[in-house]
Amino acid sequence: MRVDIVISADDIREGKTEGKSVVVIDMLRATSVITTAVMNGCKRVIPVLTVERALELAKESSEKCILGGERRALKIEGFDCSNSPLEYTKDVVEDKTLIISTTNGTRAINRCKGAKDILIGCILNASAVARKLYELKNDIVIVNAGTYGEFSMDDFICSGYIINCLKDMCELEMTDITRTAYHIYKMHSDIISFISQARHYNVIKDLGFTEDLEYCCRKDITDVVPYFDGKEIRAIKN
Ligand code: 3SL
Ligand code: MG
């Protein structure tokens, strides 16, 4: 299996993900939110690009949907939840549809349409994602959402952790960037101390969401792997 990494949503070039198993990572915080919601029984998650589209979909839907996400890391006016994974409890999400729009994460997910498989990954489900990738047996592209089109340390080390889990299962053909992520993780397996130097970590911290940061760095609290079929995200069927 060949494993490659894309460092931001803006770097998903034409043809890069076609025919591959893709994992989209925005550990701070969109893919941690989606994983938590699905873990807590959310029926489906619809990732959309704009606030307008989210409101439109909620209006068109025959069921009551939850609107979630952020702009500039804060709750969107008129939405039910912000982009804090801790808000997506069983009480809030069980058997519901979540419509979510975030700055980088939902954009990265939507830009991967055309890939063979699209998995949603973060630290919370990294081992389960690696196991699923191993089962799928395709070449892999780990798409880091990044932050505003730029490289983000947080998504990169999360990639390194997933690669580390995969490497325990099989031989990998690694590109240079993949090998770099792997070595960075090996040197910094205490993820929170590494990412405390990241710019976006400090944006979230300065806004007072310290508990989110601690939560998003918890390794393997769930075996749930959310899967995007190009329209909606659901827990993968085993
Ligand atoms: O950009 C995104 O998709 C968000 O996850 C960013 S934030 O952590 O909620 O600010
Ligand atoms: Mg992010």
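Summary table
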quantity	calculated
Segment 6-37, residues that are among the aliphatic types (A, V, I, L, M), in contact with a helix residue (DSSP H, G or I) (Cβ under 9 Å, 6 or more places away or on another chain) and closer than 12 Å to residue 121 by Cβ	23, 24, 25, 27, 30, 34
Selection count, segment 77-92, where residues are buried (at least 24 other Cβ atoms within 10 Å of the Cβ) and more than 15 Å from ligand 2 (Cβ to nearest atom)	1
Residue that is surrounded by 14 or more Cβ atoms within 10 Å (Cβ to Cβ), within 16 Å of residue 24 (Cβ to Cβ) and free of Cβ contacts under 8 Å to residues at least 40 places away in the same chain, where the choices are 192, 157	157
Residues of segment 1-54 classified as part of a helix (DSSP H, G or I) and under 19 Å from residue 232 (Cα atoms), total	15
Single residue of 67, 57 found to be of a type outside the set (Phe, Trp, Tyr) and either within 16 Å of ligand 2 (Cβ to nearest atom) or in a strand (DSSP E or B) (or both)	67
Matching residues in segment 202-223 - criterion: being of a type in the set (Phe, Trp, Tyr) and over 28 Å from residue 131 (Cα atoms)	209
Which numbered condition residue 135 fails, given (1) within 16 Å of ligand 2 (Cβ to nearest atom); (2) free of Cβ contacts under 8 Å to residues at least 40 places away in the same chain	(1)
Scope segment 165-208; condition part of a loop (DSSP other than H, G, I, E, B), in contact with a Lys or Arg (Cβ under 8 Å, 6 or more places away or on another chain) and farther than 22 Å from residue 8 by Cβ; matching residues	169, 172
Whichever residue in segment 26-47 is in contact with an Asp or Glu (Cβ under 6 Å, 6 or more places away or on another chain), open to solvent by less than 40 Å² (accessible area, probe 1.4 Å) and farther than 26 Å from residue 167 by Cα and, among such residues, is farthest from ligand 1 (Cβ to nearest atom)	41
Residue that is nearest to residue 166 (Cα to Cα) [pool: residues in segment 6-25 that are open to solvent by 10 Å² or more (accessible area, probe 1.4 Å) and within 16 Å of ligand 2 (Cβ to nearest atom)]	7
Breaking point among (1) under 17 Å from residue 233 (Cβ atoms); (2) touching a helix residue (DSSP H, G or I) at 6+ places or on another chain (Cβ under 9 Å); (3) surrounded by fewer than 24 Cβ atoms within 10 Å (Cβ to Cβ), for residue 180	(1)
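The values are calculated or read from the model by the stated rules, or taken from the named source; none is laboratory data. Fair warning: this is a prediction, and the values are worked out from it, not measured in the lab. Neighbour counts are summed over all protein chains in view; Cβ atoms, including those assigned to glycine, are modelled from backbone coordinates with ideal geometry. Remember, those area values only see protein heavy atoms, side chains included, never the ligands or the DNA or RNA. Shrake-Rupley method; radii C 1.70, N 1.55, O 1.52, S 1.80 Å.
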